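**Student:** Below you'll find the structure I mean.
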Amino acid sequence: MGKSERKVGIMFTKSRLVMLSDLAENESNIFEELEINTDLIHKKKPDECPCCSSDNVKGLEVIGTYDGNLFWECYECESVFLRFNAKTTLKYLEKAIGLWTNPEDWAYVPRSEFN
Ligand SMILES: [Zn+2]
């Protein structure tokens, strides 16, 4: 595992949190949420960002899912790209469901629980 890779758990960026309900209610939602273009798949880390051509692209690992990078992220424009197709990516993400069901741990309560 290279030094440049981050372990992010359910946090994709400092400001974005993906909840279990995103997956359960609407499978395509997570990609919309992260503005991921599911037609763009990079099996290997792209040399440069397809959006802004920056070479500051790094692997993004999601704890509890695939043992390795699941996404690529551009540190310039914050675009996120798929390593696997959407279906496979979701399958890996679903493995992390146990990690996603404790919103209190993340000091975040989804709106739906404010009954
Ligand atoms: Zn970029």
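**Student:** Just checking, how many residues over the range 43-75 are hydrophobic (A, V, I, L, M, F, W, C), closer than 13 Å to Thr89 by Cβ and touching a helix residue (DSSP H, G or I) at 6+ places or on another chain (Cβ under 9 Å)?
**Tutor:** 3
**Student:** Just give me the residues in the range 38-49 being away from the ligand (no atom under 16 Å from the Cβ) and surrounded by fewer than 14 Cβ atoms within 10 Å (Cβ to Cβ), in sequence order.
**Tutor:** Residues satisfying the conditions are Asp39, Lys43, Lys44.
**Student:** Continuing with the same structure: For the range 75-98, which residues satisfy the criterion of being closer than 15 Å to Ile41 by Cβ, buried (at least 16 other Cβ atoms within 10 Å of the Cβ) and either within 11 Å of the ligand (Cβ to nearest atom) or among the basic types (Lys, Arg) (or both)?
**Tutor:** Ser79, Val80, Phe81, Arg83
**Student:** Moving on to the next point. All but one of (1) among the charged types (D, E, K, R); (2) more than 16 Å from the ligand (Cβ to nearest atom); (3) at pLDDT below 90 hold for Glu35; state the number of the condition that does not hold.
**Tutor:** (2)
**Student:** Moving on to the next point. Would you pick out the residues in the range 50-62 that are in contact with a Phe, Trp or Tyr (Cβ under 8 Å, 6 or more places away or on another chain), part of a loop (DSSP other than H, G, I, E, B) and near the ligand (Cβ under 8 Å from one of its atoms)?
**Tutor:** Scanning the range 50-62 gives Pro50, Ser54, Asn56.
The values are calculated or read from the model by the stated rules, or taken from the named source; none is laboratory data. These numbers were taken from a predicted model, which means no experiment stands behind them. Cβ atoms come from the backbone with ideal geometry, glycine included; neighbour counts cover every protein chain shown.
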